Amino acid sequence: MTSADLALRNVRKNLRDYTIYFLTLTFGVCVFYSFNAVESQQAIMGASASSGLVFQDFSQIIALVSIFVSLVLGLLILYANRFLVRRRKKEFGIYLTLGMSRGRVSRILIGETVLVGLLSLLTGLALGVSLSQGMALVTAKLMRLPIERMQFVFSPQALIKTTVYFGVIFLLLLVFNTVMVSRQKLINLIQANSRGEWFRTPRLGVSVAMFMVALGCLAVAYAMVLVGGPARALDVSTLRWVLLLVAVGTGLFFFALSGFLIKLLQRRRAIYLRGLNTFVVRQLSSKINTAHVSITLVCLMLAVSIGTLSLGLGVSKSIAYELGRGAPFDATFRAAANPAAGPAYRGVDLTAALEEVGLPLETVASRSLAVRYYEAGLTVPLWLTQNGREERYDVRAYLLRLSDYNAVLALMGQPQIALPQGRYAVNYAVTNAAMARATEAYIASKPTIDLAGERLTAGPDTFHRQVMEVLRNQDFDMTMVVPDRLVEGLPPARDVLHLDYLDPKDRSEALVQQAEDLLRTDSTTRLSLWTRLEVESFADSTSVMLAYVAIYLGLVFLIAAAAVLAIGQLSDMSDSLGRYRTLRQIGTDDKMVDRAVLAQSLTYFGLPLALALAHAVVGLVVAERLLGAFDKGSVVGSGLFTVAVLAVVYGGYFLATYQGSKAMLRRQS
Amino acid sequence: MVVITQPVAENGTPPTILETRDVVKIYGGGQNPTRALNGIGFTVAAGEFVGVMGASGSGKTTLLNCVSTIDTVTSGHILIDGQDITQLRQKDLARFRRQSLGFVFQDFNLLDTLTGRENIALALTILRRPPREVDRRVEAVAAVLGIEPVLDKFPYQMSGGQRQRVASARAIVTEPALVLADEPTGALDSKAAKDLLESFRLLVRQRSATILMVTHDAFAASHCDRILFIRDGQLFYQLVRGDQSRKVFFDQIMRVVGAMGGDPDDVG
């Protein structure tokens with residue numbers, strides 16, 4: 001029998017042991033391919049120029065994230081492999097005892113690794129390619145892009161990339177396994193099954209104290225971010241402490257948990273001395289004791305995963321909303337000083353300029369409004385709290401006549417404003433939460449400006465946050481609205497021309513885009529155009545891409561966490577088979593044993609999940625504060641999505657583990 | 001389930017706890033089946049300490065497996081405490097094991113994650129006994145076997161002899177109709193073996209336990225009331241200790257063991 005035959009037979013024989021390993025590899029490959037192939041989805045969509053750019057940016061982000069992801073998956077696969085090999089050390093020992101050469105045993109192991117690797121790579125790629133088709137449809141819908149032609153979405157680059165990345169991982173596995181076989185002493189292989197390590201539970205007092213310290217760490221960490229209300233600024237150094245406390249608290253929690261739990265339950269004799277409870281508690285306690293580091297990691301990974309999944313969607317929706325806000329009209333032309341051409345800006349009549357390039361306004365616009373901003377050399381100092389220090393941030397401010405401001409408001413369908421004697425208004429459509437707080441503080445101080453010998457005062461009653469032009473990024477200027485007469489003789493700062501299109505709108509859009517290219521040729525001033533279509537498509541695609549990155553990372557972390565638990569539980573099960581045999585001999589029936597296995601699996605999967613959920617909820621509250629309120633509807637929606645993903649992936653691994661454990665028991669009897 | 005009425009105990013004769021009737025166990029079908037048990041029949045009375053001896057392959061382990069309901073017979077009947085276990089359904093067997101049988105194994109089979117006390121208590125908790133009763137009975141049986149000092153230790157912290165006595169405590173704590181011991185002294189040194197066997201005697205005397213012990217060690221067997229010698233799946237010979245000293249009984253056993261290779265008539 002050749003080594004290849006033996007390898008094939010071994011894989012077939014150990015199929016059940018390989019299940020979780022195979023599942024994890026396949027999931028990993030599938031997710032890796034799907035997200036790296038997102039760019040290829042463009043093929044079926046009539047993607048606009050700006051969404052094309054987003055696709056490009058996105059593939060770069062995905063490429064970066066994928067390096068990290070492959071690292072996580074690589075470590076995970078090595079971990080899974082280690083357990084698989086550990087279970088079979090004795091078998092390899094027997095091969096060696098029978099006189100098989102180390103080289104041959106290595107070849108068998110290599111054969112198995114290659115076989116399972118190839119199988120999961122092919123299955124994962126097949127799954128990934130089919131997932132891509134569905135994802136493409138969802139992408140098109142979310143990005144509001146038309147599906148131009150139905151065709152098979154396939155990315156050769158992603159295929160090659162996936163194969164190469166996982167190929168490298170498998171290669172590492174081969175090296176690892178070969179070294180394992182050639183380095184180990186025969187006696188260690190033969191006796192691999194006898195369990196040497198033993199861990200004594202610390203004294204009750206120590207356990208309780210450590211458990212209390214753990215709870216204390218978590219409580220302090222939670223309080224640091226939760227107490228103080230939304231007004232309290234959270235800076236990076238605080239967050240660093242919070243993360244450290246959470247990590248330490250979680251570690252201590254699982255380290256002290258088993259001792260604490262066992263002592264607590266031992267006092268409750270009625271529970272402890274019921275059926276197999278003693279056995280279950282002892283099993284769990286020894287398992288948590290020996291695996292508390294990996295359980296801590298699992299818990300933290302789960303928290304990151306839950307947070308990323310629900311935050312990713314929520315934030316991406318709120319970003320879409322924020323970005324979409326920057327489109328009160330169909331289009332805005334802007335003219336300002338070209339930084340390259342020097343500071344002097346003499347003002348541009350955009351209406352005339354457009355006529356010059358062959359675009360009279362009446363051919364594209366149903367309504368239009370040209371507005372000029374004036375330069376008075378004003379900067380506003382905003383004080384931001386960063387890293388525990390106040391930092392000054394200067395914001396440029398331009399003047400706008402009250403009549404122009406009201407005209408823009410009228411075009412937007414907003415109510416007009418009036419300025420009382422000696423007052424000016426401030427309009428600043430700031431989105432960043434920290435900047436908004438700083439601005440509010442500035443306005444509350446009733447700032448004054450001096451113009452043409454007059455002193456004007458602003459206040460909260462004259463503060464507005466209107467988005468007054470079409471703009472893709474959120475770099476809105478601060479505007480000071482003053483009585484018309486006070487800007488006489490001031491130099492122009494920039495000109496804008498707002499348009500609402502004539503129907504059909506797509507024709508107007510095309511004309512406007514054409515005109516922009518012609519305008520660009522004149523370059524003493526900087527001319528730019530943003531249209532509502534561009535902004536919305538950018539907002540949609542950005543939000544979809546952000547959501548995808550979040551889901552990608554969230555899924556990988558979830559798979560990693562669940563797989564680590566599943567592998568741990570199954571390997572523990574195989575170590576405990578002797579104990580279950582004893583239980584059966586003294587008369588425990590299958591139902592009792594099944595219930596004991598279920599109780600252990602539930603606790604083992606449930607505990608880290610429960611703590612991770614608590615971490616994630618607190619994290620979401622913090623994120624909401626840091627990033628500004630995103631709309632509550634999307635939070636509920638993404639929460640439900642997260643629960644669904646958890647149920648499928650985590651629940652799937654749980655079921656596979658429980659069934660696998662039971663199968664192991666049945667095989668034994 | 002078939003319940004067969006007990007023969008009425010006459011004038012103080014202890015009732016029968018175990019009875020095997022023409023038990024046959026055949027392994028493997030087809031060309032050359034192995035008859036591991038070939039129509040073996042015997043009885044064990046309540047309060048008896050019975051040894052089973054025989055060479056490797058004689059069928060003594062098969063007999064124990066069949067009596068302990070871990071294996072099934074091909075034909076014949078095994079009655080324990082009046083109940084025919086060959087008629088029990090699979091799901092009733094586990095219940096029967098935990099209610100009516102106690103086990104002592106060569107390699108102890110204690111749960112290494114549980115303390116001595118918890119190991120013993122487990123036999124009771126799977127019977128859903130109330131906690132107070134569990135505690136009381138564990139203490140009581142531990143006192144008889146002299147293992148109170150190790151009750152709160154884990155098996156790896158005990159000596160072999162202590163482990164085996166904890167295992168015996170677990171077997172006896174439920175007050176089973178029959179305790180089955182499979183080479184219980186096999187992994188013990190001679191001192192520990194002697195202590196364990198004296199503990200068995202104590203259990204028989206003080207707690208009227210009934211013990212069926214499989215052993216190949218004549219010294220261990222000499223502590224029994226009666227020895228069943230098995231060869232080729234059949235009862236080959238019986239020895240009753242009666243009022244003889246252990247030394248005399250031991251010599252008798254040695255003689256039978258010596259003759260086992262030959263004919264039963266060789267035994268003097």
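The values are calculated or read from the model by the stated rules, or taken from the named source; none is laboratory data. Keep in mind it's a predicted model, so treat the numbers as computed, not measured. Ideal geometry is used to build each Cβ from the backbone, glycine not excepted, and the neighbour counts take in all protein chains shown.
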| remark: Per the list (1) away from chain B (no Cβ under 14 Å); (2) in a helix (DSSP H, G or I); (3) modelled with pLDDT under 85, residue check on A:Ala562 breaks on (3)
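For residues in region A:488-524 being of a type in the set (Val, Ile, Thr) and at pLDDT 80 or above, which is surrounded by the most Cβ atoms within 10 Å (Cβ to Cβ)?
It comes out as A:Val496.
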| query | Counting only residues that are part of a helix (DSSP H, G or I) and closer than 17 Å to B:Leu180 by Cα, which one in region B:109-123 is nearest to the other protein chains (Cβ to nearest Cβ)? | reply | B:Ala123
| query | What pairs can you find where one residue is in region A:409-420 and in contact (Cβ under 8 Å) with a residue 12 or more places away in the chain, the other is in a loop (DSSP other than H, G, I, E, B) and of a type in the set (S, T, N, Q), and their Cβ atoms are less than 9 Å apart, with a gap of 6+ or different chains? | reply | A:Leu409/A:Gln416; A:Leu409/A:Gln466; A:Met412/A:Gln466; A:Gln414/A:Gln466
| field | Complete set of residues in region A:247-263 that are among the β-branched types (Val, Ile, Thr) and surrounded by 23 or more Cβ atoms within 10 Å (Cβ to Cβ) | value | A:Thr250
| Just a yes or no: is a residue in region B:85-106 in a loop (DSSP other than H, G, I, E, B), of a type outside the set (Gly, Ala, Ser), within 13 Å of chain A (Cβ to nearest Cβ) and more than 26 Å from B:Val44 (Cβ to Cβ)? | no
| task | Restrict the check to region A:236-248 and report whether at least one residue is more than 14 Å from every other protein chain (Cβ to nearest Cβ) and touching a Cys at 6+ places or on another chain (Cβ under 7 Å). | result | yes
| message | Take the conditions at pLDDT 80 or above, touching a Leu at 6+ places or on another chain (Cβ under 8 Å) and in a helix (DSSP H, G or I) and apply them to A:Thr308. Does it pass? | response | yes
| When the residues of region A:274-292 are filtered to those that are within 8 Å of chain B (Cβ to nearest Cβ) and not in a helix (DSSP H, G or I), which remaining residue is farthest from A:Leu261 (Cα to Cα)? | A:Gly275
| note | In region A:249-273, anything touching a Phe, Trp or Tyr at 6+ places or on another chain (Cβ under 6 Å) and more than 12 Å from chain B (Cβ to nearest Cβ) is listed as A:Ala256, A:Phe260
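Is it the case, given these coordinates, that A:Ala510 is of a type outside the set (S, T, N, Q) and in contact with a Leu (Cβ under 8 Å, 6 or more places away or on another chain)?
Values: of a type outside the set (S, T, N, Q): yes; in contact with a Leu (Cβ under 8 Å, 6 or more places away or on another chain): no.
When the stated conditions are applied, A:Ala510 does not pass them.
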| remark: Scanning region A:577-598 for residues that are at the interface with another protein chain (Cβ under 7 Å from one of its Cβ atoms) and either assigned to a loop (DSSP other than H, G, I, E, B) or under 20 Å from A:Phe654 (Cβ atoms) (or both) gives A:Ile586, A:Gly587, A:Thr588, A:Asp589
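I want to confirm something. Restricting to region B:236-257 and keeping residues that are farther than 18 Å from B:Leu63 by Cβ and among the hydrophobic types (A, V, I, L, M, F, W, C), which single residue is surrounded by the most Cβ atoms within 10 Å (Cβ to Cβ)? Reasoning before the result, please.
Applying the first criterion (farther than 18 Å from B:Leu63 by Cβ) to region B:236-257 yields B:240-255.
Okay, now just the ones that are also among the hydrophobic types (A, V, I, L, M, F, W, C), so B:240, B:248-250, B:253-254.
Details: B:Val240: 12, B:Val248: 13, B:Phe249: 21, B:Phe250: 17, B:Ile253: 23, B:Met254: 14.
Only one residue fits best here, namely B:Ile253.
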| For region A:625-639, does any single residue satisfy the condition of being modelled with pLDDT under 95 and within 20 Å of A:Val220 (Cα to Cα)? | yes
| field | Selected residue (criterion: surrounded by the fewest Cβ atoms within 10 Å (Cβ to Cβ)) from residues of region B:124-170 that are within 11 Å of chain A (Cβ to nearest Cβ) and either touching a residue at least 40 places away in the same chain (Cβ under 8 Å) or within 19 Å of B:Lys194 (Cα to Cα) (or both) | value | B:Tyr156
| task | Output the number of the condition that A:Arg472 fails; it satisfies all remaining conditions of (1) touching a helix residue (DSSP H, G or I) at 6+ places or on another chain (Cβ under 6 Å); (2) at pLDDT 90 or above. | result | (2)
| said: So, B:Thr74, is that one farther than 22 Å from B:Ala209 by Cβ, modelled with pLDDT of 90 or more, in contact with a His (Cβ under 7 Å, 6 or more places away or on another chain) and more than 11 Å from chain A (Cβ to nearest Cβ) or not? | reply: no
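Among the helices (runs of 4 or more DSSP H) contained in region A:120-233, which hold 3 or more residues that are modelled with pLDDT of 80 or more and of a type in the set (Val, Ile, Thr)?
On the way: elements: A:156-183, A:186-190, A:204-226.
The helices (runs of 4 or more DSSP H) meeting that bar are A:156-183, A:204-226.
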| query | Can you find a residue in region B:137-150 that is outside any helix (DSSP H, G or I) and closer than 17 Å to B:Leu203 by Cα? | reply | yes
